[in-house]
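Enquirer: Structure incoming, see below.
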Amino acid sequence: MTIRYMAFADGEVLTANQLLDLQANGVIQVTSYSELAALQTTINAAYVKNDSAFYVRKADSTWGQVGGLATIGASAPASPQVGQIWYDTDAILPAAQRQGYNGQETISSATFSALSNLSAVSVTATEPFLALVNYGVISPFGSDATTGLSMTVDLTGDTTRTSTFVDYAKTIGTQKTCITNSFTTVVNSGTTLFTPKAKKEGAGTAIAEQPWIEVSAIRWA
């Protein structure tokens, strides 16, 4: 039965006990969750005694339990409640990683291959996150006006991503012109390898002088 909520008819006389109950509770109170459906649509919050919990009417007109104390743990609650606060203790964004090779590497392959002197960046995360990947070559050059190189980054491991032409950092010619490019991508939980790759453009000799790569976490995905 209803403990506190009662629909009164126009002109009905309220008893002293009913008014005292209103004063003592200060909130609409029912015995069980099933009684919430019968409340007037103008009522947006109520206490359910059997659950020892407070409920609010959601945007879709259903009732949702308001969470109590904050939850602290290594993962989110299995069934989080409306209004519940929880803190994931191991959800820490990976630190930015930046590395480069302070030297020259000859690019001889006509297809994208991993650079010999610039290792892949390995990133381990407990939750998916959005990453910004920057990369380039400070002083690339070719042996003649029709030779140069292109650079890109592929992702393997728990996250896979194959680069396309929009990811290429490219230069042709003998001038040492710095090339850079970047992209954002969602990185899955687990370990992902960001592998810098390059290929030769043209028939001459292509040199990648001081190639580099940087992987930074932007936010949780």
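Enquirer: Once phi is turned into θ = phi - 60°, what whole-Hz ³J(HN,Hα) does the Karplus curve with 6.51, -1.76 and 1.60 give for every residue of the stretch 188-199, x standing for Gly and Pro?
Expert: Each residue's phi maps through the Karplus curve to give 6, 5, x, 10, 10, 9, 9, 9, x, 10, 8, 9 Hz.
Enquirer: Residues of the stretch 138-221: accessible area per residue at 1.4 Å, in Å²?
Expert: Per-residue accessible area for the stretch 138-221 comes out at 45 Å².
Enquirer: In whole percent, how big is the carbon plus sulfur part of the accessible area of the stretch 155-208, probe 1.4 Å, protein atoms only?
Expert: So the carbon and sulfur contribution to the accessible surface is 47 percent.
Enquirer: Using the Cα centre of the stretch 91-168 as the reference point, and only Cβ charges (+1 on K/R, -1 on D/E), how large is the resulting charge dipole? Debye, rounded to the nearest 20.
Expert: Roughly 100 debye, rounded to the nearest 20.
Enquirer: Another question about this same structure. Using θ = phi - 60° and the Karplus curve 6.51 cos²θ - 1.76 cosθ + 1.60, what whole-Hz ³J(HN,Hα) does each residue of the stretch 10-20 get, with Gly and Pro shown as x?
Expert: 4, x, 5, 8, 8, 7, 4, 5, 5, 5, 5
Enquirer: Could you pull out every residue, at least 5 positions away or on a different chain, whose amide H is within less than 5 Å of the one on residue 29? Hs are placed 1.01 Å off N in the peptide plane, and Pro or chain starts have none.
Expert: Hits under the 5 Å cutoff: 4, 5, 47.
Enquirer: If the cut-off is 20 Å between C-alpha atoms, which lysines fall inside it for residue 176, apart from same-chain ones fewer than 8 positions away?
Expert: Here the lysines satisfying the reach criterion relative to residue 176 are 197, 199, 200.
Enquirer: In whole Hz, with x marking every Gly and Pro, tabulate ³J(HN,Hα) for the stretch 214-221 from phi via Karplus 6.51 cos²θ - 1.76 cosθ + 1.60, θ = phi - 60°.
Expert: 9, 10, 10, 7, 8, 6, 5, 8
The values are calculated or read from the model by the stated rules, or taken from the named source; none is laboratory data. No experiment lies behind these values; they were computed from the predicted model shown. Every residue, glycine as well, gets a Cβ built from its backbone with ideal geometry; the counts of neighbours run over all protein chains shown. Side chains included, ligands, DNA and RNA excluded: accessible areas come from the protein's heavy atoms. Shrake-Rupley method; radii C 1.70, N 1.55, O 1.52, S 1.80 Å.
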